[in-house]
Amino acid sequence: MNNVIPLIDLETLVNSEGCGTEELVKDVAEALETVGFFHIIGHGIPPTLVQRLRNEAYEFFKLPLEEKMRVKRPLPEITRGYDPPAQQSLSSTKDGASPPDLQEGFGMGGFNYASDDPYFTEGLGHYFYAPNLWPERPSGFRSTLEEYHSCLTVLANTLMHLFAAALEINPDYFDDKINKTGAHMRLNKYPPQETAPVPGQLRSGAHTDYGTLTILYGEDTPGGLQVMGSDGNWFDVHPKPGTFIVNIGDCMARWTNDRWKSTLHRVVNPPRNEAQSERLSVAYFHSTNYDAEIKCLETCQSKSNPAKYEPIHYASYYIEKLMQSRQTLNG
């Protein structure tokens with residue numbers, strides 16, 4: 001793993017029906033085998049939509065707390081709704097108890113599934129397809145988030161086809177494993193830090209993502225994203241205007257027998273002399289269907305490199321990680 005996150009242009013992929021050029025496939029494979037992250041341009045997401053999303057998000061988070069609490073996430077296992085500050089500790093998914101993260105958030109997920117299909121309404125559907133909760137204000141919040149989520153779902157499906165090409169497997173291998181994805185989106189608001197954090201407390205503790213891939217919009221402000229490099233040290237990631245950051249999660253690493261890296265990352269605090277700096281990020285967490293089996297791909301194992309992990313269904317892995325991260329002491 002190196003300490004450079006490459007910039008990859010997806011224009012030829014987004015504007016075609018294929019899996020991208022040979023050079024594109026090679027570049028993506030190299031990025032995921034080394035750092036596990038890459039920046040993308042040519043992704044086809046309108047900049048006007050991104051700006052509208054940013055404006056709506058800031059407007060929502062500026063609302064009085066009691067108004068935001070009307071759409072509070074109802075249960076620890078549910079990812080939809082408002083999260084007041086100090087409700088999760090992402091580093092707890094890796095190294096035990098740690099202080100709660102210095103952020104508030106809002107989550108939503110897929111909304112265009114058949115409401116009468118038991119897959120979405122019964123059993124594990126409770127975890128992955130709970131109803132979205134929408135505030136009364138701002139008025140365009142719901143429509144903007146739904147439009148953005150839809151666009152990123154299309155982009156994520158395109159990336160999964162690209163991943164299949166890079167792994168030298170059937171181009172449609174992932175299709176029936178992601179056609180009912182519980183992909184969810186989280187708006188993360190990192191407020192100014194009026195008081196100094198306690199020791200070990202960050203805006204977002206060190207963690208890896210759980211699913212297939214993450215598409216991140218982030219602002220380049222003090223107290224931003226860091227990724228762990230090959231030397232065990234952290235390095236800063238500076239999002240470039242008009243780009244997104246893509247990284248893979250644990251399930252893709254398991255599928256590839258750790259050939260592709262699900263890399264530790266975190267969001268650090270701003271320096272105390274810039275403690276008034278606030279930051280917004282929007283993370284789209286793509287995942288498989290909850291009943292999809294995550295099993296080492298044939299192209300990623302051999303007699304000398306056998307499968308490291310037993311097959312697992314995505315739901316059991318995801319729910320365990322989610323519950324480890326939740327901090328419920330504050331309600």
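The values are calculated or read from the model by the stated rules, or taken from the named source; none is laboratory data. It should be emphasised that the depicted structure is a prediction, and the values quoted were computed from it without experimental measurement. All Cβ positions, glycine included, derive from the backbone under ideal geometry; neighbour counts span all protein chains shown.
For segment 68-81, how many residues are modelled with pLDDT of 95 or more and over 17 Å from the mean Cα position of the chain (by Cα)?
5
Select from segment 102-129 the residues that are modelled with pLDDT under 90 and under 18 Å from LYS72 (Cβ atoms) and list them in ascending order.
Hits for segment 102-129 are HIS126, TYR127.
For (1) more than 27 Å from PRO99 (Cβ to Cβ); (2) touching a residue at least 24 places away in the same chain (Cβ under 8 Å); (3) in a loop (DSSP other than H, G, I, E, B), each residue gets a yes or a no:
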{"site": "TRP260", "(1), (2), (3)": "yes, yes, yes"}
{"site": "GLN276", "(1), (2), (3)": "no, yes, yes"}
{"site": "TYR284", "(1), (2), (3)": "no, yes, no"}
{"site": "THR288", "(1), (2), (3)": "yes, yes, yes"}
{"site": "ALA307", "(1), (2), (3)": "yes, yes, yes"}
{"site": "SER316", "(1), (2), (3)": "yes, no, no"}
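Of all the helices (runs of 4 or more DSSP H) wholly in segment 20-81, which have at least 3 residues that are over 26 Å from LEU264 (Cα atoms)? Full working, then the answer.
On the way: elements: 22-34, 47-61, 65-68.
Once the helices (runs of 4 or more DSSP H) in segment 20-81 are filtered for at least 3 residues that are over 26 Å from LEU264 (Cα atoms), what remains is 47-61, 65-68.
Determine, yes or no, whether PHE235 is surrounded by fewer than 21 Cβ atoms within 10 Å (Cβ to Cβ), touching a residue at least 40 places away in the same chain (Cβ under 8 Å), of a type in the set (Phe, Trp, Tyr) and out of contact with any Asp or Glu (no Cβ under 8 Å at 6 or more places or on another chain). Please lay out each step first, then the result.
Numbers: surrounded by fewer than 21 Cβ atoms within 10 Å (Cβ to Cβ): yes; touching a residue at least 40 places away in the same chain (Cβ under 8 Å): yes; of a type in the set (Phe, Trp, Tyr): yes; out of contact with any Asp or Glu (no Cβ under 8 Å at 6 or more places or on another chain): yes.
Yes.
Residues are listed down the side, and each one gets a yes or a no for (1) closer than 27 Å to PHE37 by Cβ; (2) under 17 Å from the mean Cα position of the chain (by Cα); (3) in a loop (DSSP other than H, G, I, E, B):
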{"residue": "HIS126", "(1), (2), (3)": "no, no, no"}
{"residue": "LEU133", "(1), (2), (3)": "no, no, yes"}
{"residue": "SER150", "(1), (2), (3)": "yes, yes, no"}
{"residue": "VAL154", "(1), (2), (3)": "yes, yes, no"}
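Within segment 166-210, count every residue that is small (Gly, Ala, Ser), out of contact with any strand residue (DSSP E or B) (no Cβ under 9 Å at 6 or more places or on another chain) and surrounded by fewer than 21 Cβ atoms within 10 Å (Cβ to Cβ).
Going through segment 166-210 one residue at a time, the tally reaches 2.
Can you say whether GLY242 is surrounded by fewer than 20 Cβ atoms within 10 Å (Cβ to Cβ) and either touching a Leu at 6+ places or on another chain (Cβ under 8 Å) or not polar (S, T, N, Q) (or both), as far as the supplied structure shows?
Working: surrounded by fewer than 20 Cβ atoms within 10 Å (Cβ to Cβ): yes; either touching a Leu at 6+ places or on another chain (Cβ under 8 Å) or not polar (S, T, N, Q) (or both): yes.
It is true that GLY242 is surrounded by fewer than 20 Cβ atoms within 10 Å (Cβ to Cβ) and either touching a Leu at 6+ places or on another chain (Cβ under 8 Å) or not polar (S, T, N, Q) (or both).
Out of all the residues in segment 270-277, is one or more touching a helix residue (DSSP H, G or I) at 6+ places or on another chain (Cβ under 8 Å) and surrounded by 15 or more Cβ atoms within 10 Å (Cβ to Cβ)?
Looking for residues that are touching a helix residue (DSSP H, G or I) at 6+ places or on another chain (Cβ under 8 Å) and surrounded by 15 or more Cβ atoms within 10 Å (Cβ to Cβ), one finds none in segment 270-277, hence no.
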